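The values are calculated or read from the model by the stated rules, or taken from the named source; none is laboratory data. This structure is a prediction, so every number in the text was calculated from the model and none was measured. Ideal geometry is used to build each Cβ from the backbone, glycine not excepted, and the neighbour counts take in all protein chains shown. When the accessible area is computed, the model is the full protein with side chains, heavy atoms only, and any ligands, DNA or RNA have been set aside. Shrake-Rupley method; radii C 1.70, N 1.55, O 1.52, S 1.80 Å.
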Amino acid sequence: MALKRPMHDPQVVPFIPDDHATVPARVDARGAIYTRREVVAFILDLAGYTSDRPLAHLRLLEPSVGHGDFLLPIVDRLLASWRATPDGGHDVAALRPAVCGVEIHAESFALVHRTLVAHLVTHNLTPDDATMLADAWLIHGDFLLEEFDSCFDFVIGNPPYVRQELIPDALIAEYRLRFHTIYDRADLYIPFIERSLTLLVKGGYLGFICADRWMKNRYGGPLRQMVAEQYHLKTYVDMVNTPAFQTEVIAYPAITIIARERGTITRTAHRPIIETTTLAPLARQLTEPHQADSVQVRSLTGVVDGAEPWILGVSDHLALVRRLEVAFPSLEDVGCRVGIGVATGADDAFIGLFDALDVESDRKLPLAMTRDIQTGTVVWRGLGVINPFEDDGSVVSLSRYPRLRAYLEARRAVIAGRHIAQKSPVRWYRTIDRITPSLATQPKLLIPDIKGMAQIVYEPGRLYPHHNLYDIVSDTWNLRALQAVLRAGIAPLFVSTYAPRMRGGFLRFQAQYLRRIRIPHWSDVPTILQTALVTAGERGDLPACISAVAQLYGLSKDEYVAMRTDAMII
């Protein structure tokens, strides 16, 4: 029996979401996403859990069993391996240590227990033996709060996708005590990966399919650091635009095989066809030690580098990015500040037609929304946002603003019901983000968060950005010139290298990725080239932007082609 004792204080109630929890589109209420059978077989092959090995003498853990998508194929392979041995098919009890599956949701646990018993009976086990194995293999509990009596040769599965805000405060606090990788806004699958890695024996394999965001974004940094220090990223398969799951998901998944060993080479494949006839030979190519690279499979060295994002693409653009990173400082190091617009938590209450917002004139600001810049220039639709802040960042006293007070009190139920208002009832009328009025009057570049293409729009200093817009301001760089640089392909070049793609191929032009852009100091740009950049930016002349930027960076012919390709997605 793998279960030893609970790790947690019995006063901490495990997290079991109800059927109405808010989770990403087409993901069920427990954060579960069900995996196609062909993909399960592919992951088992990549991890080396194959029937030609003595699986009865190895131990496998599945940390989130769900409805048994992984468990039943695992059992099929285990029984095939066991029956192929000289004494196979006799001592059923010897299989008890071979599998451990954990499921927190009571209904799912009961269902998978019944399903497993029935499945074992189809393998000619008696109902008593089938029930004995199901009882031994399955644990009803919280994987993150269970303790196990030994480690495992394999940890395989599809960890749950659950956002922190859906987890009770007491439980997320308990998780934070246990797992150092819960950082920033990390989803629940992050501590699942951490815990799974720590449960591997030396030389053991983790094989997961899950969202790929942690490999590049901010909250994945501690987990990437952990992998860099103690493990080997052996295999990565990009599953972008592949039907890997039984339902559609927002975030793109990837398959990762991570071993508890040292190593520097990562075998990669991208967007395979989800058919057994394709995946089985691809698994052999990826796992064969002396297999040469091919159109489908590449070997990369040094993907894992501390907490740095994992760059796993096959694009030739990576060499250009690396050269620019060595040769030039970052965007913010040359005096360009990247920010994001205001999130209110209740847009219907805080945002409306500017002229119709019945508050004092200094308590509202004209607002730039994504739709205002969708043509590539600013076409303001007349919206405004309530500003509840003093210039020093404190909230205003409502006694000084009777019209503002009346406006807010009329909408108090909505505004005070927000999480941020409940945390600070005295400041119930503040927006989630502080509003700094001076930003509205600064010239700026506006960039939508999620786009299929880079959109860099100049705003002359009349509007405050909404939270779906990132802004760049600078006292050093001419913003029209900077617009030319970013539009010429530099913005999509860097963002596509570091940002995970969303459903539909969209990129996220977030601050953390924009800050990775490299440009020279404005004072180092020759005067004639400064003029060319400014003119190209003002005219929106993309070929002129690309030509000037090629000179700015001293691009070779191949680099010029690479950047021009990225520029064409604008």
Could you grab me the full set of residues in segment 116-140 that are in contact with a strand residue (DSSP E or B) (Cβ under 6 Å, 6 or more places away or on another chain) and farther than 18 Å from residue 200 by Cα?
138, 139
Strands (runs of 3 or more DSSP E) within segment 29-141 that include 3 or more residues of a type outside the set (Asp, Glu) and at pLDDT 95 or above:
99-103, 138-140
Give all pairs with beta carbons closer than 8 Å in which a residue from segment 33-54 that is free of Cβ contacts under 8 Å to residues at least 60 places away in the same chain and open to solvent by 30 Å² or more (accessible area, probe 1.4 Å) meets a residue that is assigned to a helix (DSSP H, G or I) and not polar (S, T, N, Q); count only pairs at least 6 apart in sequence or on separate chains.
37/73; 50/44; 50/77; 51/77; 51/80
Kindly provide the set of residues from segment 197-237 that are part of a strand (DSSP E or B), under 15 Å from the mean Cα position of the chain (by Cα) and not small (Gly, Ala, Ser), ordered by number.
208, 209, 210
Name the residue, out of 565, 476, 497, that is at pLDDT 85 or above and hydroxyl-bearing (Ser, Thr, Tyr).
476
Among the residues of segment 284-322, which ones are open to solvent by 80 Å² or more (accessible area, probe 1.4 Å), closer than 30 Å to residue 552 by Cα and part of a helix (DSSP H, G or I)?
322
Looking only at segment 339-373, and only at residues there that are surrounded by 21 or more Cβ atoms within 10 Å (Cβ to Cβ) and assigned to a strand (DSSP E or B), the one that is farthest from the chain's Cα centre (by Cα)
364
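Quick grid of which residues meet (1) open to solvent by less than 50 Å² (accessible area, probe 1.4 Å); (2) farther than 16 Å from residue 156 by Cβ; (3) of a type in the set (Val, Ile, Thr):
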residue	(1), (2), (3)
60	yes, no, no
87	no, yes, no
108	yes, yes, no
119	yes, yes, no
132	yes, yes, no
